[in-house]
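Let me begin by presenting the structure, written as structure tokens, before commenting on it.
The values are calculated or read from the model by the stated rules, or taken from the named source; none is laboratory data. On a predicted model such as this, the values are computed, not experimentally measured, just so you know. Cβ sites come from the backbone with ideal geometry, for glycine too, and all protein chains shown count toward neighbours.
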Amino acid sequence: MADEHVLICVAWPYANGPLHLGHVAGCYLPPDIQARFERARGNRVLMVSGSDEHGTPITVTAEQKGINPQQVVDEYHAINSKALLDLGCSWEPNIDSRGVEYGGSLFNRTSDPMHKEIVQDNFTSLMNAGLFERKTTQQYYETNNEGIGRFLPDRYVEGICPSCKEDGARGDQCDACGATYESTELQNPVSKMNPQAKIEIRDTDHFFYRLDLFQQALQQHASERQTVWKSNVRAMTKQWLDMGLRSRAVTRDLTWGIPLPLEGDEWSGKCVYVWFEAVQGYYSCAKIWSQRHAIDAGHPSGQDAWKKWWCVSKDGTSPRHLYFLGKDNIPFHTVIWPALILGINHAAKGLTASDSIEMPANGDLALEANVPAMEYLMLSGGQFSKSRKHAVWLPSFLERYNADYLRYYLSINMPENHDTDFNWPDFVEKINSELIAAYGNFVHRVLTLGARLPSGERGPLAGIEVAELTEVHRLKLEEIHAMITDSLNRHRYKEALRHVMSAAQYGNQILQAATPWKYLKTEDDSNEKIQSLSTLAFGWRLSRFLAITSQPFLPFSSVKLWKALGQTGDVSLVSWDDAINWQVPMTWNEEDPTPLFERLDLEVILESEKSLATNADATENNPISAVKGGKKSKKDSEKMNEAPEGITYLDFETFMEVDLRVGKIMRVEDHPNADRLYVVKIDDGSDAERTICAGLKKYYQPEEMVGKSVVFVANLKPRPLRGVTSEGMMLAADDGKDGVRLVTIDGDIATGSQVR
RNA sequence: AACGAGGUGGGGUAGUCUGGAUAUCCCGUCGGGCUCAUAACCCGGAGAUCGGUGGUUCAAAUCCAUCCCUCGUUACCA
């Protein structure tokens, strides 16, 4: 299938923090493997992605850091694009080394003015085609002390749930009872970012994309993809389509984003909603690549070069579009983005909402060919989390370890079908006992054995090869080659790399059987010797096979091996099928062979990761400083407004506002509707009993607690916890591991006594 | 608790959509071999009632039902 146009679309990393290994395994490594493979097969590959730089979280980060949003995204765009290059991802050069007609790559950013222009153009044409509808909605609007107002996204508003009266419900959904409602129904709304601000509800007009018009076309598309999509992609898409598609807002009251291409004051302070904008990056990025790179490099189609990768050609063939992303992103790429592409095609033909939606035909933008979405990579059993600092950051990892080690480990352990786990012992073991012991060792055996033989014009091995004697090995490798190719075509990276490794294993087997070391010095010309050394010579060919087939996975080592074999040129430009070209004249590198890899030492690594974890707390502001998560902790859930790092001193007055008192536990009951909660009745010295909900089930039996005199916070704002109002909080000590013990009173004292 | 994912030798995994004969591979373990090679390599053995139960079928790891358990998200929490 050479000469195909393949567009590799990589999910746009959000420029609000550095990338971690979870991101790499999920969406940044697989597309690079695929792109390298496709290039080697002779296909024309354009790879596109970039930093997603708009949206509210970035403005929040900017506020917290006291800088402007552009500075935030500049910083992370620089860090992340460098990290991806260091990982060997082929974002450079922008023009394919084989020539511009073969494509290239561009890691762009959404703050690019040209991206903005393209998004605005699409916005206008979709609107003119009648694919938007305008609706008036109610949104929260806060006014702070300086009298400056802004609209608040739902997730930045909290209040009391209209259905269960739970406090702390989010703007559009109550997590306690699961009810969803119009955000305006929320009672006592408070801004999470700015709790003192005055909040009111204002009418605001927005445009909605008529996704409903595309229901049928998308169902057809999904059914056509049944056989190629992975099960997770099928399931997620089906869920969306079964629910029935509804129109979806494409504009927001937002300051950091792309302004609407509309006249009139009523639209100021509104931007294109990020979901609508960021997916268009795949399209804008291809156009920008044409404009900035393909023209200068002399692509025959000039600024229309992008069409080769985007449009269905005259003879009806579509470019092959592959989208790489994590599982949380699936519906955006199988439902929403295809609906936008269909809409853009529709509008371009001058059709309107009343015309039926057609699938792409000649000249139209093509839909995806496959979306090989990944599950998640976990870290020591827990999820990667920025706020919990449970992560291994890509930049810091690459400072200390070989990029190919990471590429190997994440490939062989890729979360293709279910979540997989990253942990250091497993990492060390896989690198040492698979990559090094099997692959590295085999290559090193061949080279060092060869180096002991007298060297001829083309090295020591060229003269001792008898092709007829290695027929069976050639057939074996041809078989393996076909299996690797098949696996990669089906996006089964783990399996593909296993096949590559099996070639190295095969090499070790035949060397073992041939025992060439016995014949290094003997002078005889026995058949055994000829047979044996011929196998050794084949080891060179096998190593060359490994260099070519491992190139998509291990680009750096592949280059090193290529050189060690005395081969010249760029191994990434060598044709995939040349791995099984047995006619290639042998070459030799006369320098002493050096091992491809160095073994890892687990103890050293754990020691170094530990020290990094300790330092990291102190250097939180340095985004590339490493943070190694400790034990997994489900306790501290993410919060939007994380407390600032470091020590904050408390006024004495503030402390005294906390009213601590002594109470006696009278009764302990199970909470009817919560797993971890007890409902505790306390004698607080007053006539009435006090009810406190406590999450102590894991640590105490009810009978252990009854009768204890404990300290509780008496003036905590009462709040319903899953249906039972809790009037305060008992104090307990927590060692951060699994120990939790109540604070009790030494000796007798009246209930209700103040604690100070 | 709601939603999602998953349970396959000691650990990790493939196979499950599309039913088929001795259930894959890596690590570990036991025994043997080799000594070229980075405590590396090669051969062989032991070890799995494929979470439980019931059903469909000539045939179930695979399909259906039900139960149990684990993980994730959200909720909750000293």
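Could you grab me the full set of residues in the range A:470-480 that are more than 15 Å from RNA strand B (Cβ to nearest atom) and not β-branched (Val, Ile, Thr)?
Within the range A:470-480, A:471, A:474, A:475, A:477, A:478 qualify.
Step by step: first the residues of the range A:481-500, then only those that are of a type in the set (A, V, I, L, M, F, W, C) and away from RNA strand B (no atom under 13 Å from the Cβ), then the one that is farthest from residue A:534 (Cα to Cα). Which residue is that? Even if it seems obvious, please write down each step before you answer.
Taking the range A:481-500 as the starting set, the residues that turn out to be of a type in the set (A, V, I, L, M, F, W, C) are A:482-484, A:488, A:496-497, A:500.
Those still in the list that are away from RNA strand B (no atom under 13 Å from the Cβ) too: A:482, A:484, A:488.
On the way: A:482: 24, A:484: 26, A:488: 31 Å.
The residue in question is A:488.
Pick from the range A:421-442 the residues that are more than 21 Å from residue A:608 (Cβ to Cβ) and crowded, with 19+ Cβ neighbours inside 10 Å: which of them is nearest to RNA strand B (Cβ to nearest atom)?
Out of the qualifying residues, it is A:440.
Taking the criterion of being over 17 Å from residue A:152 (Cα atoms) and either in contact with a Ser or Thr (Cβ under 9 Å, 6 or more places away or on another chain) or at pLDDT 80 or above (or both), would at least one residue in the range A:189-204 satisfy it?
Filtering the range A:189-204 down to residues over 17 Å from residue A:152 (Cα atoms) leaves none.
Checked against the condition, which is being over 17 Å from residue A:152 (Cα atoms) and either in contact with a Ser or Thr (Cβ under 9 Å, 6 or more places away or on another chain) or at pLDDT 80 or above (or both), the range A:189-204 yields no hits at all.
Within the range A:501-535, how many residues are more than 7 Å from RNA strand B (Cβ to nearest atom), polar (S, T, N, Q) and over 25 Å from residue A:552 (Cβ atoms)?
Result for the range A:501-535: 7.
Restricting attention to the range A:293-319, and to residues there that are farther than 16 Å from residue A:99 by Cβ, at pLDDT 95 or above and of a type in the set (D, E, K, R), which single residue is surrounded by the most Cβ atoms within 10 Å (Cβ to Cβ)?
Here the residue is A:307.
Name every residue in the range A:50-85 that is on the phi > 0 side of the Ramachandran plot and touching a Cys at 6+ places or on another chain (Cβ under 8 Å), in order of residue number. Explain how you work it out, then say what you get.
In the first step, residues of the range A:50-85 are kept if they are on the phi > 0 side of the Ramachandran plot; the result is A:50, A:55, A:66.
Residue satisfying the conditions is A:50 alone.
Mind checking which helices (runs of 4 or more DSSP H) fall wholly inside the range A:466-581 and carry at least 3 residues that are at pLDDT below 95 and of a type in the set (D, E, K, R)? Break it down into steps so the answer makes sense when it comes.
Working: elements: A:471-489, A:493-514, A:527-549, A:555-564.
So the answer is A:471-489, A:493-514.
Could you tell me which numbered condition residue A:47 fails, if it satisfies all but one of (1) buried (at least 24 other Cβ atoms within 10 Å of the Cβ); (2) within 16 Å of the chain's Cα centre (by Cα)?
Residue A:47 satisfies all of (1) buried (at least 24 other Cβ atoms within 10 Å of the Cβ); (2) within 16 Å of the chain's Cα centre (by Cα) except (2).
What is the one condition in (1) surrounded by 22 or more Cβ atoms within 10 Å (Cβ to Cβ); (2) touching a residue at least 24 places away in the same chain (Cβ under 8 Å) that residue A:290 does not satisfy?
So the condition that residue A:290 fails would be (2).
Under 8 Å by Cβ, and 6 or more places apart or on different chains, what pairs join a residue from the range A:56-83 that is over 21 Å from residue A:156 (Cα atoms) and touching a residue at least 60 places away in the same chain (Cβ under 8 Å) with one that is outside any helix (DSSP H, G or I) and among the β-branched types (Val, Ile, Thr)?
Sorted first by the residue in the range A:56-83, then by its partner, the pairs are A:79/A:624.
Could you check, for the range A:400-420, whether at least one of its residues is near RNA strand B (Cβ under 7 Å from one of its atoms), under 30 Å from residue A:590 (Cα atoms) and among the β-branched types (Val, Ile, Thr)?
no
Could you tell me which residue of the range A:443-465 is nearest to RNA strand B (Cβ to nearest atom), considering only residues that are modelled with pLDDT of 90 or more and of a type in the set (D, E, K, R)?
Of the residues in the range A:443-465, the ones modelled with pLDDT of 90 or more are A:443-453.
Next cut, of a type in the set (D, E, K, R) only: A:445, A:452.
Working: A:445: 4, A:452: 7 Å.
Within the range A:443-465, the match that is nearest to RNA strand B (Cβ to nearest atom) is A:445.
Can you tell which of A:411, A:380 is at positive phi and surrounded by 16 or more Cβ atoms within 10 Å (Cβ to Cβ)?
Working: A:411 fails: at positive phi.
Testing whether each residue is at positive phi and surrounded by 16 or more Cβ atoms within 10 Å (Cβ to Cβ) leaves just A:380.
Assess whether residue A:543 counts as being within 13 Å of RNA strand B (Cβ to nearest atom), more than 30 Å from the chain's Cα centre (by Cα), of a type outside the set (A, V, I, L, M, F, W, C) and within 29 Å of residue A:38 (Cβ to Cβ).
So residue A:543 passes the test.
Across the range A:696-710, which residue is nearest to residue A:745 (Cα to Cα) among those that are within 14 Å of RNA strand B (Cβ to nearest atom) and not hydrophobic (A, V, I, L, M, F, W, C)? Spell out the reasoning first.
Keep residues of the range A:696-710 that are within 14 Å of RNA strand B (Cβ to nearest atom), which gives A:696-700, A:705, A:708, A:710.
So of that shortlist, the ones also not hydrophobic (A, V, I, L, M, F, W, C) come out as A:697-700, A:708.
On the way: A:697: 21, A:698: 22, A:699: 19, A:700: 17, A:708: 8 Å.
Result: A:708.
Can you tell me which residues in the range A:465-490 are in contact with a Ser or Thr (Cβ under 9 Å, 6 or more places away or on another chain) and small (Gly, Ala, Ser)?
A:467
Given the criteria over 16 Å from residue A:500 (Cβ atoms), free of Cβ contacts under 8 Å to residues at least 60 places away in the same chain and buried (at least 16 other Cβ atoms within 10 Å of the Cβ), does residue A:529 qualify?
On the way: over 16 Å from residue A:500 (Cβ atoms): yes; free of Cβ contacts under 8 Å to residues at least 60 places away in the same chain: yes; buried (at least 16 other Cβ atoms within 10 Å of the Cβ): yes.
So residue A:529 passes the test.
Looking only at the range A:509-526, which residues are surrounded by 17 or more Cβ atoms within 10 Å (Cβ to Cβ) and polar (S, T, N, Q)? Give the derivation first.
Step one: list which residues in the range A:509-526 are surrounded by 17 or more Cβ atoms within 10 Å (Cβ to Cβ), which gives A:510-511, A:514, A:516, A:519.
Once the filter is applied, which keeps residues that are surrounded by 17 or more Cβ atoms within 10 Å (Cβ to Cβ) and polar (S, T, N, Q), the range A:509-526 yields nothing.
Give just the number: which of (1) within 11 Å of RNA strand B (Cβ to nearest atom); (2) at pLDDT 80 or above does residue A:718 not satisfy?
Only one criterion in (1) within 11 Å of RNA strand B (Cβ to nearest atom); (2) at pLDDT 80 or above is unmet by residue A:718, namely (2).
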